[in-house]
Amino acid sequence: MFDRFRKNKEELNSDVADQMLQNIFNICEVEPNTVPLDNLKSYSNYRKDRFFLQKVILVIVMLLFLALPVMFIGPKIQVLEQVTQAPHPSYHLGVDSILPITSVTATVDGVNVPVYETQKKVYSIEPEISGTMTVTVKCVNNQWTTRQIQVSTIDREVPVVTDDSLRGDYVYLYLKDEGSGVAWDKIYAQSSQGETFKPDKYDAKAGWIAFRYPDSSINVFIPDKSENVLQLALTIK
């Protein structure tokens, strides 16, 4: 029914519409209109376009007003996992932000540390030096936040020999490592002929190892749990 009505609907010709308007003015005994109907129609279309533009501008202003608080919201940093085991401690950080992240950086006392994105908004950091690590996260709205983490488990020092002695047929070496600790089961020696052998005995609690007095000079390799190796040369006199 409505389709039929639309098909039968015809737009009046401008001359016919103008004549009808003049007849209406005459019947109502009103002074005839001096402005042409085409001009009135053009002005009406102009008002429609101008009103539509005003509505668009108003909507844009309202959206900007609603989005204004978001422009001042910064990201949040959360430590998801902290593995402090030497020699390579790692930190997994989660970033909570409703806006896109533009950069995540980390420094330890001013030295840059590589940052890897393992998942969306999850980052992994593996510092190689001890100190205060500062993590900085920036968003697309130029807001940023920082988080400081104390890194103190980096071990770059080799074990040290605190004392040595010769008792009977054995040479005793007393060892100490303040970092990750001596890897007692990985200590070995090597002769000048290239032969490799383990200590004849050791006591991790007392902190010493013992080799049978060698026939010739040997090199002793003493690693710690962070893979730092102390190399000693035992020279026979």
When you scan the range 187-194, do you find a residue that is closer than 30 Å to residue 130 by Cβ and open to solvent by less than 40 Å² (accessible area, probe 1.4 Å), even just one? yes
Leading residue by the ranking (surrounded by the most Cβ atoms within 10 Å (Cβ to Cβ)) among those in the range 154-172 that are part of a strand (DSSP E or B) and within 47 Å of the chain's Cα centre (by Cα): 161
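Residue by residue, here is whether (1) open to solvent by less than 30 Å² (accessible area, probe 1.4 Å); (2) farther than 30 Å from residue 230 by Cα holds:
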residue	(1), (2)
88	no, no
135	yes, yes
147	no, yes
174	no, no
For the range 93-150, enumerate the residues that are farther than 25 Å from residue 73 by Cα, without any contact (Cβ under 8 Å) to a residue 24 or more places away in the chain and either not hydrophobic (A, V, I, L, M, F, W, C) or not in a strand (DSSP E or B) (or both). 109, 110, 112, 114, 131, 150
Residue count for the range 189-210, restricted to those that are part of a strand (DSSP E or B), more than 18 Å from residue 160 (Cβ to Cβ) and of a type outside the set (Val, Ile, Thr): 4
For residue 151, all conditions in the list (1) hydrophobic (A, V, I, L, M, F, W, C); (2) in contact with a Ser or Thr (Cβ under 7 Å, 6 or more places away or on another chain); (3) more than 30 Å from residue 176 (Cα to Cα); (4) surrounded by 15 or more Cβ atoms within 10 Å (Cβ to Cβ) hold save one; what is the number of the exception? (3)
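The values are calculated or read from the model by the stated rules, or taken from the named source; none is laboratory data. Here the structure is a predicted model, which means the values were calculated and not measured. Note: ideal-geometry Cβ built from the backbone for every residue, glycine included; neighbour counts use all protein chains shown. In case anyone asks, the SASA skips ligands and DNA or RNA and just uses the protein heavy atoms, side chains included. Shrake-Rupley method; radii C 1.70, N 1.55, O 1.52, S 1.80 Å.
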